[in-house]
Amino acid sequence: MTTKKGSEPAASARDPSPPPFGAVGAMDDGNATALHSLTGLVSRAQALVAELLRLSDRVPPSFVPEQHPKYADVLFDFRYLKTTEAHEERVESSAALLDLDEEFRENNLPLVERFFTLFDRIVRWHADFIRFLDDVNDGVYIQHTLESILADADGKQLTVEAAATFGLILVLLDERFDPLLRERVVIAYHRHK
C-alpha cells in the first residue's frame with residue numbers, strides 16, 4: 001500500500017504490535033492496565049504517607065500511659081489477647097474503671113478509628129502491591145511482564161516509587177508511632193468497636 005509523502009499510512013498498514021508500556025494510547029488497550037494499576041498504587045501509598053504524617057503530629061497524650069497515666073488501667077497492649085477475660089473482668093468489676101473506660105471511648109473513639117483505618121490501609125496496600133506483582137507474573141496483564149514494565153521508563157519509575165514509598169511508610173510508622181501505641185490502638189479499636 002502506498003501513501004503520499006509525509007502522510008500517515010492507512011490503518012491496515014499500521015504496525016499491529018501493541019504500543020510500548022507507557023506510550024500514549026497504551027491505556028486504551030484493555031490488556032494494558034498495568035500502568036494504571038501502578039499509578040493507583042503509588043497514589044494510594046502517597047496518601048498513606050500524608051495521613052501518617054498528619055496523625056503522628058496528633059497523638060493524644062492519653063494514648064501514652066507512661067506520659068499520661070489516667071487511662072493506663074483501660075489501655076491494653078497485645079498481652080490483652082492472651083488473657084482477654086481476665087482484663088475484661090478487672091474492668092467490669094470496678095465502677096471507676098468502667099466509667100474510665102467509657103470516658104476513654106467517648107473522648108477517643110473517632111481518633112482510634114482513624115488510627116486503625118490507617119494501619120488497616122497500610123496492610124491492604126501491601127497486599128494489593130503483592131497481588132499486582134503476582135498478577136504481572138501470572139500473566140493477568142497479557143502484554144506485560146515485570147521485565148517489560150521495568151524496561152519502560154514510566155513503568156520503572158512507578159514500580160520503584162511504589163516500593164520506595166512503602167519503605168518510607170514502614171520507616172515513618174516505626175519512627176513516629178511507638179510499637180506499644182500501635183498495639184494499644186488496635187486493642188482499643190477491637191474493644192470499643
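The values are calculated or read from the model by the stated rules, or taken from the named source; none is laboratory data. Here the structure is a predicted model, which means the values were calculated and not measured. Every residue, glycine as well, gets a Cβ built from its backbone with ideal geometry; the counts of neighbours run over all protein chains shown. When the accessible area is computed, the model is the full protein with side chains, heavy atoms only, and any ligands, DNA or RNA have been set aside. Shrake-Rupley method; radii C 1.70, N 1.55, O 1.52, S 1.80 Å.
Below is a table of values for the structure above.
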{"quantity": "Restricting region 71-109 to residues that are within 31 Å of the chain's Cα centre (by Cα), hydrophobic (A, V, I, L, M, F, W, C) and assigned to a helix (DSSP H, G or I), the residue that is surrounded by the most Cβ atoms within 10 Å (Cβ to Cβ)", "calculated": "Phe104"}
{"quantity": "Single unsatisfied condition, Leu55 versus (1) within 19 Å of the chain's Cα centre (by Cα); (2) open to solvent by 20 Å² or more (accessible area, probe 1.4 Å)", "calculated": "(2)"}
{"quantity": "Pairs where the first residue, in region 77-97, is more than 17 Å from Tyr189 (Cα to Cα) and the second is open to solvent by less than 70 Å² (accessible area, probe 1.4 Å) and part of a helix (DSSP H, G or I), C-beta under 8 Å, 6+ apart", "calculated": "Arg90/Leu97; Leu97/Val91"}
{"quantity": "Glu161 vs. criteria farther than 30 Å from Val74 by Cβ and open to solvent by less than 70 Å² (accessible area, probe 1.4 Å)", "calculated": "yes"}
{"quantity": "Condition broken by Tyr141, with the remaining ones in (1) part of a loop (DSSP other than H, G, I, E, B); (2) buried (at least 17 other Cβ atoms within 10 Å of the Cβ); (3) free of Cβ contacts under 8 Å to residues at least 12 places away in the same chain satisfied", "calculated": "(3)"}
{"quantity": "Answer residue from region 58-70, given it is in a helix (DSSP H, G or I) and open to solvent by less than 30 Å² (accessible area, probe 1.4 Å) and is farthest from Ala188 (Cα to Cα) among those", "calculated": "Ser62"}
{"quantity": "Any pair with Cβ under 7 angstrom, 6 or more apart, that starts in region 100-118 at a residue that is touching a residue at least 24 places away in the same chain (Cβ under 8 Å) and ends at one that is in a helix (DSSP H, G or I) and open to solvent by 20 Å² or more (accessible area, probe 1.4 Å)", "calculated": "Arg105/His192; Leu109/His192; Val112/Tyr189; Val112/His192; Glu113/Tyr189; Phe116/Val186; Phe116/Tyr189; Leu118/Glu51"}
{"quantity": "Residue pairs meeting the criteria (Cβ under 8 Å; at least 6 apart or on separate chains; first touching a residue at least 24 places away in the same chain (Cβ under 8 Å), in region 59-71; second acidic (Asp, Glu))", "calculated": "Val64/Asp178"}
